[in-house]
Structures are given as C-alpha cells and as structure tokens.
Amino acid sequence: MADVRQRTRAQAPSASASPAPLSPSQPVTKASAGTRSIVIPASIVPVLHTFLGYTAFLVALGVCYRTHWHQVLKNEVAGWPQEWFPSVSAVTGDWYPARNIFQIIIAMAAGPRFMLIGLNHVVTDVHLTSAARVVRRFALAFGLIRALSCGGWVYITSTDQHMIHDVTMITYLVAGLLYMLTITWLSWRASTFGKQTGWEWRASCIAGFLSLIPFLVYWFIQHKVKRIPGAYSIYALFEWSVIVFDVGFDYATSIDVRDISVQLVLPVTFSDRALKAKHELESVTVPKLPAVIGSTFRSTLPSHLADTYLGFVFWSMTTSLGLTIWYFPLWNMGISGFEAFLFTSLSPILLGISPLRRIVFRNSAMLHLFSLVGLLAYYVQEPVLRLSMVGTGVGLSFMAWFSDMVDVDGIASEKVQPRAWKRVLPFLLGLMLSNIAKVYSFSNNPVWPTMRPENGGLNELGAAFGVIACLQVFFRTVAEQRSVVRTVDPKQKMVDELGVTVMRRNGQWTAAAVGFGSLMFALHSMLTDSGIICLWATDGYPNPGPDPLLGGVAVLFCMGLGLLASRNQSFALSYAWWMAGTAGIMALYFLPQLSTSGRFAGFAGGLVFAIYAMSIAPALIQQLSYFPIGRTMFVGLLTYSIMQLAHVWVVAYAFVPGGPLARERTHYVIGFMQFLLFLGTVSARSMLGAAEKREAPVDAHKARKHEYGRATSTLAILYVILAAIVGARMSLRAEVVPYHPEEKIATMGIWTVHFGLDNEMYSSHQRMANVIRELELDVVGLLESDTYRIIMGNRDITQYLSETLGMYSDYGPGPTKHTWGCSMLSKFPIVRSTHHLLPSPVGELACAIHATLDIYGKEVDVIVSHNGQEEDWLDRQLQTQTLAKIMDESPNPFVFLGYVVTSPGFHNELYRTLSKKGRMNDVDSSDWDRWCQYIFYRGLDRIAYARVSHGGITDTEIQTAKFAIPEPGKEGRELQRTWDYAVPEGRRYPNLFLGAGVRNHQYHVFNEPKYWD
C-alpha cells in the first residue's frame, strides 16, 4: 500500500499563517504491526517523467540521423537537401528502429505520467471553493484524456491509420492545452495562500506553447498549400519547440510536491532478527529523508567535483562558440550574420525578470542539463544547426552559472555569499581543467563540437560526465529546498534591502559590471589555453622562446597560484598589485619585439599577469551579488562581447565596418582591459570591505575557508594529472628523421590550411597529419595557421603536427603581429629564421618566414609567405618586391613556398618579379592552371613536382616538389622530364594518390606526378 503525505499543509492553521519549519529529525512512523515503510520524495515522479519524455524524442531523432536521415526528410513536396530537418511524426512514427525505441521509452514514461496527474490532483486541494472544485475535476479529466490520447498517436502511426493518428493527436493537443490552463490556474490560486508552486514555470510554458501556433500555421500553409521546398523543415523546428514546452510543462510539478513524500508500507517476516530490527527502528529517532539526502548529495566532495566539472563544461562551450562562428565569415570572406550568436552570452540579463529568476534559481540543474546540447552538437553535421546548438548551450550555461549571484527574492546581499563562494572557485577550477584537457588533446578541447571520435574527440564521455554532474546538482538542490521551508519576513526583507542600498553607495554597479566583463575577456583571451602566453613571446630561431608545452606548464602553475592568492583580498585588490599585473601584460606584449632576452622577460611578465588575473577573479565575480542582476549582467557581458569583437578586428580590419580604426592595435585593447579591471577592483575593494565591516555571517567565512581547502586539494590533483599528460606527450614525440635520407632528397610543400577547420566544420589536424605523412613531406609551409585568437578557439595546430610527425616547427609571426599566420614544419634542423611583416599599407598585414635549414650538411634557405588579397594591388606589389630582394641577397640555395595572388607567366608583373629580381626558377613553368600558391627554387636539382587535391580539408590544394642537393660542379644543370619508372623508387611520390586516391586526396591537373632526371 502507499499513502501520500503533505507535511506543510497539516501545519497551517489558517490561510494567512506561515507554515511551521520542519524539525531536523522525526521518529519513523509505525504503519502497523508487522510492517515497515520506505519514504520516497514525490518530486522524483515529475523529474523521471521529464527525463523519459525528452529522452524518447532526442534518442529517436539521433537514431534517425544515424540510420534513415534522407528518407525521413522526404515528403510529398521535396527531399534532401531542400528539406533538412524532419517533423516529429516522421521521426517517431515512420522508420525502424527509431519508431520502436521511441515507443518503448514513452511506455516507460506512462507510469510517471499517471502518477503525475494524481499528484497534481492532490496538491491543488487548497481552500477550494465550489468553482475551484469544478475546475479541479475538469483538470483531472483533461489530464487523463491527454495521457490516453498520447498512447493513440504514439502507437497508431500515420502510416498505420492516418485518420486515427490525426484524431488522437488533435485530441492530445486540445486536451493538453485545457489541462495546462486549468492546472496553471489552480497552481496560481494555491500560491495566493502562501504555498510555493510552479505556476510561473507553467505560465511560461503556456506562453511559449501559444506563441508558436501562428508560426506553425503559417509554415504549414507554406508547405501544404504553396508547396514551397524547405518550408516543412522550418515547420518541423517549431513543432519540435512545441515538444519542449509540452514536456517541460509537467516538470513544474516538482516545485509543487517538493514538500510531499510517498510512503511505501511493506510487510516483514517475524523472525527474531527482524523483530529486533523492528524494535530498534521504533525506539530510535532518525533523520527524515531530507537530512539523509543532504548528507549524501550535499557532502563537500561530490558537490565540489560536480561544480568543477560543470565549470569545465562552461569554459569548453564558451571557447567553442567563437570557433564555430568563425567557420561562416571564413567562407564568406566577410561578415556572415552568424556573428550574432556571440551575444548568446547575454542570457543572464533575463535574470532581472523576477518570475524567470525564481524559475532559474530553483531549476539551475535542469538548465545545466539542457546546456549539454552544446556538447552533443558534434553529432550534427549541418554547420548551421551545430552552431545553433552551441549557442543555445552557451546561453543556458551562462544563465545557470550566474543565477547563483543573486537571491531568489532579488535581495542581493552578503547572505548570498556562502552559496556564491561555493560556485566561484569551482568555476575557475573548471577553467584550469579545460586547459589541462587541451594539453592532452594538443590544444584542441576533446569535447568541442569541432571534435568527434574520428579526430580524437571524447564527446560522448564528456557529455556522460556532464549528465552525472547535473544529477548531483539536482539532488543537492532538491535536498536543500526540502530541508528548508522558506519564509519571507517583510520586516527583515526591508532591513536587508536597506542594508544593500547602503552598501551600494560604497560601490558603483557600472564599475562592477565593466570590471566583470573585462575579467571574462582577460580569462578568455589569455588563459583559456596554456600556450597563449608562450606564443606571445615567440620569435625566430635559434632562440624562438618558451616551448608551448613546457612553458604552458609554468602558466598553469601560475594560474593555480593566483587562485590561491585570491584568498587575501586586500592584496589581490590592492593598487600596487594592479600595477604589477598591468606591467606584466605590457611586458609580454612589447619586450619580445626588442631582443632575444626580451622574449623570456616578456614571458615572465605573462606569468605575473596569469597570477594577477586569477587572483582578482573571485572578488570581481563575488561582488556581482550586491548589485541589480539584470542591468549589471547586461553591461558586463555586453562589454565582454564587444571586447571579443575588438580582439578579432585588430586582424580582420579588412573585412569589418570601421576595421581600420582597430588595425594592429592590440595594445589599445589590453590597455582598455586593464583600465576596466582597475574600475572593477576599486568597486570590489569598496563593496567587500563594507561587507566585512557589517560582520558578514560566520557561514560566509566558513564557506570561503572550506572552498579554498578544497581548491588546494583539487589543484594538487590537477597538477598530478597535468604532469602525467605532459610526460606521456613527451615520451611519444616522434623522432626527427627525413623520409629518405638514403636518397638525400627533400620533399617540400605549401598548403593553405584554413585555420585547421575542414569543409564540414570539424578540426582537420589529424587528417592534415595523415596526408603530410603519406606524401612524405620533409618541409611544409602552412598558411592561415595562426589560431591563437578567441574566434579561432585559442589553439595550435602546428604543435600537434610537429609532435606527431616528428618535425621541427617555426610558428612564424605570433598573435601579437596581427597576421593570419604562416608556419613551417621541417624534418631538417632550423639553423636560424627571421619573421617578416611584409609591407601592407592598404590591406591585411602579410607575413613571411625566412629560414635557413641544414639539409644533409648544406645550408638551404626557405621562405614561407602569405601575401595580400587581390583587391590590394599596392600591397601585393610591395610584398613581392620585398620577397624578391630577400631571395636575391641570399648566397644559399633557395626554395620559395608562398601564396602570391597572380596567374603564372612572365606577362604578369608579380610572377616576373619573383623570377627575375629574385633570381628564381618556377618549379614547372608549363603549369598554367595555378593562381595563388607557387614553388620557386634556385641552386637545387628539381626531381619531381605534384599537385594533390585538398580532400575537403580546405579549399586549397597541396603543391609539392622534390629537390636534391646537386653534386659539386654540376650546379645549375638542366634536368629533363622523364617517366616515373626511370626514377629510383626512393625519389618517387607514393602510388597511394594515383587514380581515385585515398580520402579524396589524389593527384590532379596532371593526374600523376612529374619527374625529372
């Protein structure tokens, strides 16, 4: 047998009386002789129903995507690719196995659904009038009709019997709407008697449900009447949105029944042992369920680990957003409109709306759970949909995290601090964890949507851990809400608000907001990858600067040191420390440009800045709880978004309105960042100092002490993991050996790699490594390779290629040089190299690497360059002249691997400049079908030349040539074209790329390599 107990109702003597607080422990109820009881929180029912409902639809959609995607998309008007998203009916009712899996999971949800109807009927029994009783009966009837009709359209599909399917579907929608309206009215009515209910959540779902109806009707007409291809896909999006509101509506019951438990009374055997246990249970007072749950789920370790992992999820999705946005302007060569997704981080401004704030406050675990859609985006191949999923995840994650910065009643004060401190440090530890994950994955985050199992992604594992963390937060929140009956004393509320008003005079919300926005930008731009500071201090050989891997370990150590230093707020917020942090970031920017010693001095300055940024972060985030959450978040996150755009404009000035104003002015951006951080620290110093004088509760001090203790332990564990990863990485570094030393040849290539994103918006680093290895390239120049920017994910594709292929690497001009990047990988030692910024008075800044390699004991010079765009003739002319001068003045054999926007032939000035003024030979002057990429050489024997298709990795082919050091006295000889069988096997290109090739890489234009001997 089972009975439902509502504890708070029994203790309310009148409609106006507040419910009495629950005692921490109560004796176990003796149901009857020979029985024992188990108490289960009733809130499990709506949670289980919500989970099964969403799971049924999402799993069915995923199975369809993997099995019959194109067939599901086909309708009477069009199919793939005009139709790109399927309807709910097509996914759940047409194809095996998606249909069957959906039906099984929905069947599992039937029990919770009928229990849900019963619970709603019980909790709405509050001071009923005759009219309310009638509405309550109607609500019960509508709920039952809704549940039964659901079985009709689920198990009788449109392919089985179209009419019955449609009738039950319409019945479900009508009964569902009436059920929603009646239950919401009853829930609202109960809230007027002082009972906490989920009527606000329900009202929001109804509003969302109704707002979609006009769009559904419009797009259905576009499809059915006007028969417009693609209209049904848009209709399907709105149809799936209805599912979100429909299933989500029932979750509000978890708020209504949080003070209700279900007691199961079970018989026991009357053995001596059972009688003894029964006697002990009857005589001993034990904690009720809330205390038991609290001791389990509110224990420090699980909560801390869950919050830290969700911090990792937050930073993983936030750093992936810019990368997925970048795909679209990259292909459009200009603003695409998708840049608007950058502003999804503004979602916390909605917390200024009181009803929504209460909903988020009570259901942050659900927001965290729904935000995992950003991790699951990797599964969707359509780039637009993937970006939409990432943007949604980022928006939900921002809202969930910063909802802890304000009280549910909108009273922002020091009483929020114990909870705030429990979130701030795990939030920053999550940043550390994301950095360590990127070290493991060669500066790619393994849970990014640009990763997948095929290129080293751990997306499923990351999402699974995310679900576990969300469940921990959920049960912890349920325990906290069940163990406290919240009463708001109007007099105490007035005192709290007066105290906050007094405290706000000690600080300005605008200063706190811009300081927070600048902090988010500082952490995102400088500390979301441990190699950023290293690459800011890089330059040419023989002393290129700190190694991104080992130097990154020092950066992570300093980040942890800064986090621990934040405990001393008077030091962290001091003016002298701000000056030290400012000096550190300025030294990192300016000193590496002066001398070799300046590179390491600048790196040291970067380490100081890492300590500084992490030390002020907790205080700048914590102070947000003293200000109006809506407007503070709006100004702060808008500042963060604008600074992200500025971080891109310093390089992309040629493609954005007003870009020349930001051209190559990173020092302005970091100067403005430090100024805003100063304002934030001044405000925090004033606000937090005033809080100390107001004698903040002991709980706040305990929370800080315990959190820093846990942070110290977590940092120690993270550093052990980091050490293991770095050791494993270094032990697996491939040996640097040329591919054919017995032949003494060097195979060289040039490739524009489009920032390591392939044509499907996945990271191409592994596919690039495979083709470079298979082509046996000893030296390769990579263009468009500087990816250490927010918009490119702050990652380093050169690092991965260097370590896995066993090649020396020269990153080229670093991120502070404002170019799109050119890097060089070499199987031969790099004796010295110089990084050039080529003349660019009009357009984008062009880069070049002039390196001297030791090739079989002979010094050979190589240039890798990326010249300007077709629109900027003056730039291209000056850049080509500069390159020709460098080549002309070198006494060594020379190879040019570059991007020159011109067609071949001496009738073109740029081509003629490289050839004549640079004293260079075209690798194959008969190849007329080139446009951008060229290989020129001097003082070497040309052995072979080939062009290989990009295979979908980018939009540019690979050009490659084989060279040999000429024998003494035979320099400058003319080699003649020959057949491949006349060339020794060690000097040939692989047969792997003949014909259809492999992975869409094949020899093209010539269909085979050209050889000379």
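Each Lys and Arg Cβ is given +1 and each Asp and Glu Cβ -1; about its Cα centre, the chain then shows a dipole of about 4000 debye. If you average the alpha carbon positions of the range 538-584 and of the range 76-131, how far apart do those two centres end up, in angstrom? Here the answer is 53 Å between Cα centres.
Taken along the Cα-to-beta-carbon direction at a fixed 7 Å, the label points for Leu301 and Thr129 span 5.6 nm.
Quick one: angle between helix 666-693 and the longest Cα principal axis of the chain, in degrees between 0 and 90, rounded to 10, please. Roughly 30 degrees between the two axes. Expressed as a whole number of Å, what is the distance separating the alpha-carbon centroids of the range 943-1009 and the range 302-349? Going from one Cα centre to the other spans 42 Å.
Considering only Gln644, Leu216, Gln1002, and ranking their Cα positions along the charge dipole of the chain that arises from unit charges at the beta-carbon of Lys, Arg, Asp and Glu, the one farthest toward the positive end is Leu216. Note on the range 604-677 and the range 226-257: Cα centroid distance 37 Å, given to the nearest whole angstrom. On the principal axes of its alpha-carbon atoms, the chain has extents of 109, 73, 63 Å, going from largest to smallest.
Computed from Cα positions, the angle between helix 300-332 and the longest principal axis of the chain comes to roughly 50 degrees.
Charged side chains reduced to their Cβ positions (Lys and Arg at +1, Asp and Glu at -1) give the range 509-694 a dipole of some 520 debye around its Cα centre. Give me the one-decimal nm value for the distance between modelled label points at Ile228 and Met333, 7 Å along each residue's Cα-to-Cβ direction. In this crude label model, Ile228 to Met333 measures out at 3.1 nm. Can you tell me what percent of all Cα-Cα pairs in the range 82-127 are more than 18 Å apart? That tail contains 53 percent of the Cα-Cα pairs.
When only Cα pairs under 8 Å and 6 or more residues apart are kept, what is the percent relative contact order across the chain? The value is 10 percent.
Relative to the longest principal axis of the Cα atoms of the chain, helix 548-565 runs at roughly 30 degrees. Label reach from Trp931 (point 7 Å along Cα→C-beta): in the range 855-878, amide nitrogens under 17 Å belong to 867-873.
When the charge dipole of the chain is built from unit charges on Cβ atoms (+1 for Lys and Arg, -1 for Asp and Glu) and taken about the Cα centre, the candidate among His818, Gly659, Tyr575 whose Cα reaches farthest toward its positive end is Tyr575. Projecting the Cα positions of Ser354, Tyr989, Asn100 onto the charge dipole of the chain (unit charges on Cβ atoms of Lys, Arg, Asp and Glu, taken about the Cα centre) puts Ser354 furthest along the positive direction. Does the range 745-1012 come out rounded, prolate or oblate, given a ≥ b ≥ c as the square roots of the eigenvalues of its C-alpha gyration tensor, rounded meaning a/c under 1.5 and, failing that, prolate meaning a/b above b/c? Rounded, since a/c falls under 1.5.
In this structure, the pairs whose alpha-carbon distance is over 31 Å, taken from Lys858/Lys1010; Lys885/Lys962; Lys744/Lys817; Lys827/Lys970; Lys438/Lys1010; Lys917/Lys962, are Lys744/Lys817; Lys438/Lys1010. The shape of the range 44-257 comes out prolate: with a ≥ b ≥ c from the C-alpha gyration tensor, a/c is at least 1.5 and a/b beats b/c. Computed from point charges on the beta carbon alone (+1 for Lys and Arg, -1 for Asp and Glu), the dipole magnitude for the range 745-1012 about its Cα centre is near 460 Debye.
FYI, it's all coordinate maths here, none of it is from the lab. None of the values given here were measured: they were computed from a predicted structure. Heads up, the Cβs are rebuilt from the backbone with ideal geometry, glycines too, and the neighbour counts pull from every protein chain shown.
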